[in-house]
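Each remark here refers to the structure printed beneath this line.
The values are calculated or read from the model by the stated rules, or taken from the named source; none is laboratory data. Keep in mind the model is a prediction, meaning the values are calculated, not measured. When we count neighbours, we look across all protein chains shown, and the Cβ atoms used for this are built from the backbone with ideal geometry, even at glycine. Surface areas here come from the heavy atoms of the whole protein model, side chains and all, with no ligands, DNA or RNA. Shrake-Rupley method; radii C 1.70, N 1.55, O 1.52, S 1.80 Å.
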There are 2 protein chains.
Amino acid sequence: MLSASSNEITGWSVNDPFWNRFRECVVREGIPYQWAALNDALPEDTEPSHCLRNFRIAAGKEQGTHQGFVFQDSDLYKWLEGVAYSLRWHPDPQLEALADSAIEEIRDAQQPDGYLNTYYTINGLDKRWTNLQDHHELYCAGHLIEAAVAYYQATGKRMLLDIALRFVEHISTVLGPEPGKIHAYPGHPVIEMALVRLYEVTKDERHLQLSGYFIDQRGQAPLYFQEEAQRGGWTNYWSGGPLGWRYYQAQEPVREQADAVGHAVRAVYLYSGMADVARETEDSSLAEACRRLWKSITGKRMYITGAIGSSEYGEAFTFDYDLPNDTIYGETCASIGLVFFARRMLGLEKRGEYADVMERALYNGVISGMQLDGKRFFYVNPLEVDPEACRYDYNKRHVKAERQKWFGCACCPPNIIRLLTSLEDYVCTAAEDTLYMHLYMGGEVHSGPLSLRTETDYPWSGNVKMTVLEDAAEGAVLALRIPGWCRSWTLQVNGEEIHAQPSDGYVYLKRGWQQGDQISLNLDMPVRMVYANPAVREDAGKAALMRGPLVYCLEEADNGADLHALRHAPAIRAEAVFETLGTATEHVTEQAGGIVALYTDGLREDRDAWGTELYAEKVPEDQAVRLRWIPYYAWANRGSGEMTVWVRYR
Amino acid sequence: MLSASSNEITGWSVNDPFWNRFRECVVREGIPYQWAALNDALPEDTEPSHCLRNFRIAAGKEQGTHQGFVFQDSDLYKWLEGVAYSLRWHPDPQLEALADSAIEEIRDAQQPDGYLNTYYTINGLDKRWTNLQDHHELYCAGHLIEAAVAYYQATGKRMLLDIALRFVEHISTVLGPEPGKIHAYPGHPVIEMALVRLYEVTKDERHLQLSGYFIDQRGQAPLYFQEEAQRGGWTNYWSGGPLGWRYYQAQEPVREQADAVGHAVRAVYLYSGMADVARETEDSSLAEACRRLWKSITGKRMYITGAIGSSEYGEAFTFDYDLPNDTIYGETCASIGLVFFARRMLGLEKRGEYADVMERALYNGVISGMQLDGKRFFYVNPLEVDPEACRYDYNKRHVKAERQKWFGCACCPPNIIRLLTSLEDYVCTAAEDTLYMHLYMGGEVHSGPLSLRTETDYPWSGNVKMTVLEDAAEGAVLALRIPGWCRSWTLQVNGEEIHAQPSDGYVYLKRGWQQGDQISLNLDMPVRMVYANPAVREDAGKAALMRGPLVYCLEEADNGADLHALRHAPAIRAEAVFETLGTATEHVTEQAGGIVALYTDGLREDRDAWGTELYAEKVPEDQAVRLRWIPYYAWANRGSGEMTVWVRYR
């Protein structure tokens, strides 16, 4: 007996000018491109993936060795998950047939006992489950489960779901609390949240329990990874360094963890799973741990763009308020994981701060990861870039001033794809009688307490028009999020002004809703100067510009080189103009559509007037300049150049 | 026929309250400590050097393997060089006997053919001269020569000089332009300047020619290091990275090099040798290359402290105006090498800018390398430190907030020792009838065109009193450097005001000098706010404080944590107070003697008043504070804490 979907998520169908553009890119460019990548059908200057070949070799249908990363299988699963989501709103029989054929490849590679991992199937099944720390078997299993649930929900087809269920059965015989089983947990989380999704469909308590087991076993003494390394005769790369077992969030049991630490993607994937289990099991101490880790990230370790992971070393969190803008890691996947975590915290409790961060990451640090034409991708999303430094400063070698075509470790592009194709799952949720609107984007919902259509040109304006599509049951409540960034707003229902105070970030409208009711929410969107906590060394004396949910940046293309020599004028006279992004790369610009650019008054310290001295007793002279700011997500679409988010204000 | 010393350098005897303290430290602590280190007689928690043991094993007097770096021999040579200098002004028969015994150990390890290198003697002479790129045979030879010349000049004893001469004879049979010889040059320069010193003593033109050969062969195509690597079957670590052959300054012939690049110590050692050869051979194109490289360093790639080497990767220069304060390498040895280069540029031409940089490095980036009690040392001399970042930020792992006892790669401590013991060679030079005073420190000179005594409490004040000690020959000129930092000064001879304009940084006083003539130079030393060229990203919006030649810094011990939250008030009301350094580490403080501390008005962005938000639309509130600044060289003598040189001024 399978349930159709999470009881929390409402089937919003997205139809939004801002997001349609991104989503069309993904369908037109991303999914086919990725399919070609998985099949090594890209031009020769691209690193081959070998992903599908691995499956065929594991199935005995081809000869060869396993190539690519140990987690290469997950690329196919992520692609399938994205395809599944896209089929919900963009039916495509050809694509579905392709996906079905890929699923058959997976089926053929599954072992009789349910085991499924091409790396070990090709290299020797006797070695499986011997390196849980680094070899990603459970990580791949997690992505398989996510894809399986998504594909089942989208198409009603069970083949992938059955594959996943057989693998989970196998896993349950190998890992778990019972004597004789391996008392371990994955080096890279994801299976925790995947198993809860599986449980939501199967209602099989064992799936929820296994997730809970992985979560609570993590970090227990004696440390499994340490024992495993001793057995394997290897030395863990991280344990001797500054990160230690924090790299894996395994330094202590998760309920005792106070700070978000280690590899940022693993961290937010883990915390997402924890929030899922806390919700499903009503486990208040686990929920409390989630709140603590949420606060650690969003209060002390998150960039203004929703990027996380301050250091390339370990792709990891570092320490409180350490947020370097130029040596940042800020992996696209980590911001995506933060969106996952935020949505799950909303599942625990409806507080606007969760949706605020979800929105912050989505509109900034996530979509900055993709070129506007959907063809190139960032792993690393810096807030300050000097292309010369990327070339010559070894500490910035991971930072690129231009997006790359594909990656040997191709985690980010498919992750963007699966998030963008599933935006419907983030817009609103239903909890009993209440429909919560978390994000404002065009589209409609026909299930849950209230059927509703939204029309808006958000994020370019804050005008959101909602229409009730059907008479609602008595007691239906519409909860509208008032974003944390919004200082002034008006709300009308059928033309009548509503004066309400938001509670925890939401205004609750309870009334007899009838078909045709008009709700008009107007969120003021002035240009805002935003400052960082004085504890943040790297942003001291600097301010960023935001408008609505968007963080803005300066690019060399608009403002010349030496962006560090620019600063905000004492009075900035801001102007917001809807216009095209700019010129340099025509094709990309076309895709960008219009953006709201900002113009403000700035000052430039004059390098020519200064002369040639390296140090001198003279304050640099100022030139008045008009600065052009573009949305951060749109940077690096016009060639290589400097970029900065934070600009001095004194 | 051996000449006594360079014809440029005048035998100044230092007797100066500021420098005596450092030099006494070196004699009391540094030289004995280093001797113990070379003999593995330090406490067990210190990394053993194995240096003397290597010599005994190479001589067949002990059994064992070579341990330590391939350049471990050079530590003993550098120690001997420092001892030699110290014996010139601090006779110590016991120390001299110790040095003589060490020289005998060296003699015993020399091969019948003159070859001398314990690494290859122990590991197989058949492999010698096969890895000039990285195995430091010529580097060790260079330091041997430097020690030999110094020891001969200090004591008149020839044993070490003869050892060096035999080795040079051997080298000449192996390397050189003639057919059948290896057409190569050292991976790590130093022998270039060493051979010129040897030439100054031997007047053997072949020594000068060999130096010139090494200089001009460097970077010639086909690249020797590439051929050598092919032959050896290894891949050069640097050549594939962003530095390439620039790491070795071998990317092109030196006369074509425009920018200071690669490993900073190697660079300035090479340039020093180039300047030496240019001077001795009156080679104007080589001199022009030196000027170009000088300008590259001092105009675009040097920190305000005279530190050089912006990147830990390659311990290297990076690109123009790239001067990060917190991820800097700034090796003590590199600043010492810059002092070498500066002195040699003064040998080419008397321009105050060379002495300015020599002084800048000496009073700041060099002596910051040593704890005030002479017992601990910095390799890396940052301009901004947060101890938490050093622990958790992998990019700053090379930066220490406290000096270390000794190093496995012990290049810096002995380098400081040999510089501090030979300060007499940097104070003044004689050129024909003119005595040039480059640095102001107490002491006297009795040879050259003018006999003179200086008394001063420089750098605490700019009052310099000079007394002529003997009637001088007609036409004798006294050239006094007016430091580049000095905006206002007065000069009196026998009480009579002299109004003169400096020419290229020197005021030339030509008169009949008689015994007892009094020269009084008063260099105004106000507190100066110094700004960096607007091209320097890392110092944008910041100012440093200087007084006289000293760069100042803020320490957490005086100003609390979160130094980045501090800035200069619009009007700083500076006060300079001669006082003790402070409290924390009593023993060190005692050694420090008095310092001039600066007090200025500052503002602190109030972290408590801000609250807990990570980002908000509010300018942080300011608290007025009084800042205490100490000389940069004296930082990190009171425990671990934050430090910064550059502070925001707006």
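Would you mind finding the one in A:Gly374, A:Gly347 that is of a type in the set (Gly, Ala, Ser) and in contact with a Phe, Trp or Tyr (Cβ under 8 Å, 6 or more places away or on another chain)? Let's see the steps before the verdict.
Values: A:Gly347 fails: in contact with a Phe, Trp or Tyr (Cβ under 8 Å, 6 or more places away or on another chain).
So the residue among A:Gly374, A:Gly347 that is of a type in the set (Gly, Ala, Ser) and in contact with a Phe, Trp or Tyr (Cβ under 8 Å, 6 or more places away or on another chain) is A:Gly374.
The rows are residues; the columns are (1) free of Cβ contacts under 8 Å to residues at least 24 places away in the same chain; (2) open to solvent by 10 Å² or more (accessible area, probe 1.4 Å); (3) under 27 Å from A:Glu605 (Cβ atoms).
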site	(1), (2), (3)
B:Thr467	no, yes, no
B:Glu474	no, yes, no
B:Ala479	no, no, no
B:Ile482	no, yes, no
B:Trp485	no, yes, yes
B:Val551	no, no, yes
Matching residues in the range B:147-169 (open to solvent by 10 Å² or more (accessible area, probe 1.4 Å), over 22 Å from B:Pro112 (Cβ atoms) and out of contact with any Leu (no Cβ under 7 Å at 6 or more places or on another chain)) number 3
If you check A:Glu178 against the conditions, is it surrounded by 22 or more Cβ atoms within 10 Å (Cβ to Cβ) and not aromatic (Phe, Trp, Tyr)?
no
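Considering each of A:Gln492, A:Gln514 in turn, give the residue that is open to solvent by 10 Å² or more (accessible area, probe 1.4 Å), in contact (Cβ under 8 Å) with a residue 24 or more places away in the chain and in contact with a strand residue (DSSP E or B) (Cβ under 6 Å, 6 or more places away or on another chain).
Values: A:Gln514 fails: in contact with a strand residue (DSSP E or B) (Cβ under 6 Å, 6 or more places away or on another chain).
Only one candidate qualifies: A:Gln492.
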Is one or more of the residues making up the range A:332-354 open to solvent by 10 Å² or more (accessible area, probe 1.4 Å), within 14 Å of another protein chain (Cβ to nearest Cβ) and in contact with a helix residue (DSSP H, G or I) (Cβ under 9 Å, 6 or more places away or on another chain)?
yes
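Does A:Ser239 qualify as being open to solvent by 10 Å² or more (accessible area, probe 1.4 Å) and in contact with a Lys or Arg (Cβ under 9 Å, 6 or more places away or on another chain)?
On the way: open to solvent by 10 Å² or more (accessible area, probe 1.4 Å): yes; in contact with a Lys or Arg (Cβ under 9 Å, 6 or more places away or on another chain): no.
Criteria not met by A:Ser239.
For the condition modelled with pLDDT under 95 and not basic (Lys, Arg), what is the one hit in A:Gly156, A:Gly233, A:Gly187? Explain how you work it out, then say what you get.
On the way: A:Gly156 fails: modelled with pLDDT under 95; A:Gly187 fails: modelled with pLDDT under 95.
The unique qualifying residue is A:Gly233.
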Filtered residues of the range A:97-117 (kept if within 28 Å of the chain's Cα centre (by Cα) and surrounded by 18 or more Cβ atoms within 10 Å (Cβ to Cβ))
A:Ala99, A:Ala102, A:Ile103, A:Ile106, A:Leu116, A:Asn117
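Every residue in the range A:46-67 that is assigned to a loop (DSSP other than H, G, I, E, B) and surrounded by fewer than 21 Cβ atoms within 10 Å (Cβ to Cβ), please.
Taking the range A:46-67 as the starting set, the residues that turn out to be assigned to a loop (DSSP other than H, G, I, E, B) are A:46-50, A:59-67.
Once the filter is applied, which keeps residues that are assigned to a loop (DSSP other than H, G, I, E, B) and surrounded by fewer than 21 Cβ atoms within 10 Å (Cβ to Cβ), the range A:46-67 yields A:Thr46, A:Glu47, A:Pro48, A:Ala59, A:Gly60, A:Lys61, A:Glu62, A:Gln63, A:Gly64, A:Thr65, A:His66, A:Gln67.
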Among the residues of the range A:598-650, the number that are more than 24 Å from B:Lys300 (Cα to Cα), of a type in the set (Lys, Arg) and within 10 Å of chain B (Cβ to nearest Cβ) is 1
What's the number of the only condition in (1) over 30 Å from A:Pro449 (Cβ atoms); (2) open to solvent by less than 50 Å² (accessible area, probe 1.4 Å) that A:Asn522 fails to meet?
(1)
Considering residues that are open to solvent by 20 Å² or more (accessible area, probe 1.4 Å) and either within 29 Å of the chain's Cα centre (by Cα) or over 30 Å from B:Val577 (Cβ atoms) (or both), the number found within the range B:599-616 is 5
Does B:Val596 satisfy the criteria of being in contact with a Phe, Trp or Tyr (Cβ under 7 Å, 6 or more places away or on another chain) and crowded, with 17+ Cβ neighbours inside 10 Å?
yes
All positions within the range B:71-96 that are open to solvent by 20 Å² or more (accessible area, probe 1.4 Å) and within 23 Å of B:Glu137 (Cβ to Cβ):
B:Phe71
Condition set in contact (Cβ under 8 Å) with a residue 60 or more places away in the chain and not in a loop (DSSP other than H, G, I, E, B), scope the range B:220-236, selection surrounded by the most Cβ atoms within 10 Å (Cβ to Cβ): answer is B:Phe225
I need a count of the residues in the range A:171-207 that are in a loop (DSSP other than H, G, I, E, B) and in contact with a Ser or Thr (Cβ under 7 Å, 6 or more places away or on another chain).
1
Restricting attention to the range B:617-632, report how many residues are in contact with a Phe, Trp or Tyr (Cβ under 8 Å, 6 or more places away or on another chain) and surrounded by fewer than 24 Cβ atoms within 10 Å (Cβ to Cβ).
7
